[in-house]
Amino acid sequence: MMQFTDDDGIEKGAYIKVIGVGGGGGNAVNTMIASGLQGVEFITANTDLQALEVAQTDIRLQLGTNLTRGLGAGANPEIGRKAAQEDREAIMKALEGADMVFITAGMGGGTGTGAAPVIASMAREKNILTVAVVTKPFTFEGRQRMKQAEAGIHELRDHVDTLIVIPNQRLLEVVDKRTPLREAFRVADDVLRQAVQSISDLILVPGLVNLDFADVRTIMSSQGKAIMGTGLAQGESRAVVAAQRAIESPLLEASVHGAQGVLINITGGGDMSLYEVHEASSAVQLAAHPEAQIIFGAVIDEAMGDAIRVTVIATGFADAALEEPLKNVPPLRRRGDIALTNGHDESASPPAYEVHEKFDPDAYARWQAFNTKGAPTPEMDSVPDERTLDVPAFFRRRSRRR
C-alpha cells in the first residue's frame with residue numbers, strides 16, 4: 001500500500017470526504033477539484049498506479065498493491081473487490097473523522113464496480129453517513145459492462161445510506177450528437193460534481209437559507225436509491241422555471257412524487273431574493289408527494305450572475321416507484337439534433353437544451369469556439385434554447401409520460 005498525504009486542514013463543522021474509486025471516480029473527483037469545490041477532503045482510490053500518479057487529490061490510495069501490482073483490475077469487479085479488502089486498514093484510516101462520505105465511481109469496470117461497495121461498507125461500519133453517486137455506462141460501452149454495472153449497483157445499494165445513479169445514456173438527450181467522445185464523458189463527470197456539490201454546499205457554504213448536518217442526515221440516512229434533477233434559468237420567473245426544469249430533467253428515472261424525502265438546493269447570485277427561494281421550493285413541493293419530508297437551502301454564488309439553478313435530490317422510493325416508470329420509457333432515439341449555445345435570451349425563459357427539429361450549425365460553432373478558448377464547460381442546464389416551441393418542454397414530456 002502506498003499513501004500520499006498533504007494535510008492542509010479542513011473547515012470546522014461537518015467533516016465531509018469525497019472518495020473517487022477507479023478510473024471514472026478519479027476523473028469525477030478531478031473535475032470537482034478543477035471546479036473549485038470547497039470545504040471537503042478529496043481522496044482517490046485505484047488499483048492503477050498510473051492513474052493515481054495523475055490524480056489531483058492530496059490523498060491517493062493504491063488498492064491491491066500485492067494483488068494487482070499497480071496494473072489495474074482488468075475490468076474484473078472481483079479483482080477490484082479483493083484489492084479493496086486487501087487494503088482495508090488503509091481505507092479505514094482514510095475514513096477516520098468523517099461525518100459524511102461521498103463515494104463516486106463509474107460502474108461497469110473493475111475497480112469502481114468491485115471496490116466501491118467494499119469502501120461503502122467500511123464507512124457504514126464507522127457510522128458515517130454514506131452517499132454513493134455513480135454512473136451507469138453508455139450503451140455503446142457494451143452489454144457486458146452494463147451487466148457488471150447493474151450487478152455492482154445492486155450490491156452497492158446494500159452498503160450505502162443513499163445511492164444516486166446517473167444513467168449516462170440519458171445524457172444523449174442533453175448533448176449534441178456531434179459532441180466529441182471525451183466531451184461526453186466530461187459532461188458525465190460534471191453531473192457527478194453537481195450531485196455532490198448540491199448537497200455539500202447546503203451544509204458548508206453560507207447562504208440565504210442554510211441546513212445543518214442533522215437535516216441532511218434525516219433526509220439521506222438509510223434511504224436506498226435516489227434520483228437527481230437539475231435546472232437553470234434566467235430572466236422573468238427564473239426561480240419557478242429552474243425548479244420545473246429540475247423536476248422534469250431527462251436524468252430523472254422516476255417522478256419526484258414517489259419520494260419520501262426531497263432535498264432542494266437553490267443557488268443564485270447576490271440578487272437572488274428570498275421570495276424567489278420561496279417560489280422555487282414551492283414549485284418542487286407541489287410536484288412532490290404531500291407526505292414527503294422536504295428540506296431546502298439557498299446558496300449565494302456570485303459566479304451564477306443573473307441565473308438561478310435548482311437541484312432536486314429525491315430519496316426514499318419504494319422499489320416499484322423506481323422500476324415501474326422505467327418499463328414505460330421508450331428506448332432512446334434521436335428526436336432531432338440539439339443546438340448548444342452560450343448566448344442568453346433575456347426576454348424569454350425557454351427550456352434548457354430544447355430539442356430542435358434541425359441542427360443549428362451557427363450555435364454549435366459558437367459553443368465549440370467557447371470551449372476551445374479554455375473556458376469552463378457550461379453546466380448541463382446552463383444553455384438555453386433560442387427557439388422556444390409553443391408548449392413548454394416540461395408539459396410536453398409530462399403528456400408523453402401519461
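For this structure, a couple of remarks:
- Check on Val205, surrounded by fewer than 24 Cβ atoms within 10 Å (Cβ to Cβ), under 21 Å from the mean Cα position of the chain (by Cα), more than 19 Å from Phe317 (Cβ to Cβ) and touching a residue at least 24 places away in the same chain (Cβ under 8 Å): yes
- Note on region 102-133: residues that are in a strand (DSSP E or B) and in contact (Cβ under 8 Å) with a residue 40 or more places away in the chain amount to 8.
- Condition check for Val299: modelled with pLDDT of 95 or more and over 30 Å from Thr139 (Cα atoms): no
- Filter pass, Ala188 being at pLDDT below 90, surrounded by fewer than 17 Cβ atoms within 10 Å (Cβ to Cβ) and not acidic (Asp, Glu): no
A quick yes/no check of all residues on (1) assigned to a strand (DSSP E or B); (2) more than 25 Å from Met146 (Cα to Cα); (3) in contact with a Ser or Thr (Cβ under 6 Å, 6 or more places away or on another chain):
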site: Leu37; (1), (2), (3): no, yes, no
site: Phe42; (1), (2), (3): yes, yes, yes
site: Ala45; (1), (2), (3): yes, no, no
site: Ala51; (1), (2), (3): no, no, no
site: Thr57; (1), (2), (3): no, yes, yes
site: Leu61; (1), (2), (3): yes, yes, no
site: Ala75; (1), (2), (3): no, no, no
site: Ile79; (1), (2), (3): no, no, no
site: Ala83; (1), (2), (3): no, no, yes
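- Whenever a residue of region 257-272 is not assigned by TED's automatic domain parsing to the domain that holds Ala287, it has no partner that is among the β-branched types (Val, Ile, Thr) and surrounded by fewer than 19 Cβ atoms within 10 Å (Cβ to Cβ) lying with C-beta atoms less than 9 angstrom away and at least six residues away or across chains.
- Pairs are defined by a Cβ separation below 7 Å, a sequence spacing of at least 6 or placement on different chains, a first member in region 160-178 that is surrounded by fewer than 23 Cβ atoms within 10 Å (Cβ to Cβ), and a second member that is of a type in the set (Asp, Glu); the pairs so defined are Pro167/Glu253; Asp176/Asp337; Lys177/Asp337.
The values are calculated or read from the model by the stated rules, or taken from the named source; none is laboratory data. Every value quoted in this text rests on a predicted model; they were computed, and no experiment measured them. For neighbour counting, all protein chains shown are included, and Cβ atoms are generated from backbone atoms with ideal geometry for every residue, glycine included.
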